[in-house]
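The values are calculated or read from the model by the stated rules, or taken from the named source; none is laboratory data. Everything numeric in this text was worked out from a predicted model, so none of it was measured. Don't worry about glycine lacking a Cβ; one is built from the backbone with ideal geometry, like all the others, and counts go over all protein chains shown. For accessibility, only protein heavy atoms count, side chains too; no ligands or nucleic acids. Shrake-Rupley method; radii C 1.70, N 1.55, O 1.52, S 1.80 Å.
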Amino acid sequence: MKTPCFGVSRSMDTTRAIDPSFNLYWHRLTSACFARGGLVVDVGANFGYYSLFAAAMGCRVLAWEPVPQFRAFIALGAQLNNLS
């Protein structure tokens, strides 16, 4: 019996989160980061889900993504959420 694949798209469609338990952990980390004036560094940011989440929480974020198409997603996400 083959184990079904639980992909990111399905998770985003049903729960609006990539991984709800990890998102809770990330929320705690970014809250602590913001409280101390910290910096989040996201190397290989992909489409920026966690970078944008941290920025929305008030953290300073440095996101690096080598794939131009994914960088475009990050830029669009930042623009749509009034983040710089």
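A few notes on this one:
- Which numbered condition S51 misses (of (1) touching a Leu at 6+ places or on another chain (Cβ under 9 Å); (2) in contact (Cβ under 8 Å) with a residue 24 or more places away in the chain): (2)
- Pair list, Cβ < 7 Å and 6+ apart or interchain, from the range 67-80 residues that are over 10 Å from F47 (Cα atoms) to residues that are open to solvent by 70 Å² or more (accessible area, probe 1.4 Å) and outside any helix (DSSP H, G or I): A78/S84
- Tally of residues being more than 26 Å from V67 (Cβ to Cβ) and either part of a strand (DSSP E or B) or at pLDDT below 60 (or both) across the range 1-15: 4
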